[in-house]
Structure formats: C-alpha cells, structure tokens
1. Specify which of the listed residues (N182, N142) is in contact (Cβ under 8 Å) with a residue 24 or more places away in the chain, over 30 Å from Y86 (Cα atoms), in a helix (DSSP H, G or I) and touching a helix residue (DSSP H, G or I) at 6+ places or on another chain (Cβ under 6 Å).
2. Could you say whether any residue in region 55-66 is assigned to a loop (DSSP other than H, G, I, E, B), buried (at least 17 other Cβ atoms within 10 Å of the Cβ) and not assigned by TED's automatic domain parsing to the domain that holds T219?
3. Considering P211, P168, P215, P187, which residue is closer than 24 Å to L126 by Cβ and either acidic (D, E) or assigned by TED's automatic domain parsing to the domain that holds S113 (or both)?
4. Can you tell me which of (1) farther than 20 Å from F245 by Cβ; (2) touching a residue at least 12 places away in the same chain (Cβ under 8 Å) is the one R207 doesn't meet?
5. Name the residue that is modelled with the lowest pLDDT, counting only residues in region 289-300 that are surrounded by fewer than 16 Cβ atoms within 10 Å (Cβ to Cβ) and in a helix (DSSP H, G or I).
6. I'd like the residue in region 237-279 that is touching a Gly at 6+ places or on another chain (Cβ under 9 Å) and farther than 26 Å from K147 by Cβ and, out of all such residues, is modelled with the lowest pLDDT.
7. Give me the residue from region 148-162 that is touching a residue at least 24 places away in the same chain (Cβ under 8 Å) and in a helix (DSSP H, G or I) and, out of that set, surrounded by the most Cβ atoms within 10 Å (Cβ to Cβ).
Amino acid sequence: MGQSKDYERIELGALRRGRIRKCLTYFLLTLWALIVLFPFYWMILSSVKSTAAYNAEFTPSFFTLHPTLENYLAAFQSKDEPLGRYLLNTLIFTVITTGAMMLVIIPAAFAFSRLQFRGKNLLFALFLSLMMIPNELVIITNFVTVKTLGLTDDGGNALRHFLGLILPSVTSVFYIYLLKENFEQIPEELYKAAKVDGTSDFKYLTRVMLPISRPTIVTIIILKVIECWNSYVWPRLITTKAKFFLVSNGIQNIRESGAGRDNVPAMMAAVVVVSVPLIVLFLIFREKIMAGVSRGGTKG
C-alpha cells in the first residue's frame, strides 16, 4: 500500500509539472504571437482611420469607433503615386520571372539527378559553390552587364527594362539543389524501365517525375512568387522612373514623398494592399511549403 501511494504521488507530481510546463509554453507562445502580430494590427488599424482623426491623436489610440475605407480609395486614386500601376508591374514581373525560372531549373535538376555525363559531380560542386559568393558582388556584376546591354529604364522602353529586371532572377542554385534532391528520391528503376520501353527523357520528366514531385514544385513556385513580390534592391538599382516601379519601390517612394508624410493612413492602406496577398498566399499553402521543403531535403 505504501509503495502504491508513493507511485500515485509521483504520477500526480509528474502530471502537475507537465500541466505547468504546458501552460508556461502556451503563455510564452501567446506573448510572442502578440509581439509579432502587433505591427500588422497597427498597420491595419491606421489604414482605417481618417486622416483628421489620425492627425488629431496626441496619444496613440489602439482602436477606432469610426473605421473608414477612404484611405484605400485615396491610395488607388493618387495620380502622383499610381499604386495600381505598381501592382500591375509587380504582377507581370512575378509571373514571367517565376515561369522562366521553372523552365530553367527543372531541366537542370533532371540533368544532375538522372543523366550521366563526364564531370557531372565536379560541375555540380562548382555550381553549389556559387552560393558562397556574396549577393553584393553578384548585384554589381549584374548591374554592369545590364547597363552595358542597355536594359535599364533610361531609354523608356518597357520591354527592355522588364528584360533587365527578369534576367538576373531566372535561375537559382538553391532551387535546383532542392529539386535535384527530390528527383533523386524517385527510384532509379523507374527511369531504367522507361528507357527500356523507349520513353524519351522529356516524356519521363513530364509524365513521371513532375507529378511525383508536385509538392516540391508548388513550394518552389510559392517561394519564388514571395521573393519576386518582395524584391527591392535590384529593381531599385536599375529603375529610376516611377512608371516602372514595383510595389516595394513604390511604397518606398510614397513614404519618401510628401504624400506619405502628409497622409500616413493612406500610406498604411497601400502597405496593407501590398502585404495581404502574400500573407493570404502563405496561410493557404503553408502546409505544402513545409512539406515540400522537408521532402526535398530528406532522403529515403
């Protein structure tokens, strides 16, 4: 009887400690979530306040009883800062860049994972070594090249300028590596059986490897879309005319101009419009992103 009571006390103590640990964990996670989400709440709150109400606040107010959408209309109706044009430029840049990159990295990953040619391992090792080069050096080299080819917006040619924006982003060593690792998880016997049946490499890639690797491909596409949407340094470097700005550069231009300083709620509304699509995209596909990345980096 004494031993059973001791066991019960030990179990109750362990259960109590487990509950305390779980409560403490949830408390810290909740506190961290509030800290992380507060800037987004403040951004949305400021965007639905009228300009007069915002300017009249001597101390910040954490809620408003009279929300308004006039700031969103002002953000799109501004002639000096055309937010709609910025969004269109970014959409064109994102779609073309992501599509072009997929056309480059899929054949490259297939070649490194399935094809046999002399010096493949050495070439791939040299290819991976490019990840060690600082981005600043790459940007300088790309800028000199694009400037020499006349692909900046100096001439006012939209097609040439978008070509200058897109070309440096049509490949990615990391995405090729991620997709190659995923392709290598597909049994080699499938490829050999397909070759015996007379299946071409292109047909095997499109009908076997791509459907099996769909989660990783979807993940790469989503991550590339987010990367293009948030791109700032390179577009800012080669773009001087507002009509060619992407949303990141456009928001910065609004902030630096008188419109951003005089009408902060309208600027916040513009930031919300730019930020919400990516947040929604990530929330919808977050499980696919995590699954694709973990699958691409795990063998067996």
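The values are calculated or read from the model by the stated rules, or taken from the named source; none is laboratory data. It should be emphasised that the depicted structure is a prediction, and the values quoted were computed from it without experimental measurement. Cβ sites come from the backbone with ideal geometry, for glycine too, and all protein chains shown count toward neighbours.
1. N182 is the lone residue from the list that is in contact (Cβ under 8 Å) with a residue 24 or more places away in the chain, over 30 Å from Y86 (Cα atoms), in a helix (DSSP H, G or I) and touching a helix residue (DSSP H, G or I) at 6+ places or on another chain (Cβ under 6 Å).
2. no
3. Just one listed residue meets the conditions, P168.
4. (2)
5. The residue in question is S294.
6. Here the answer is I254.
7. H161
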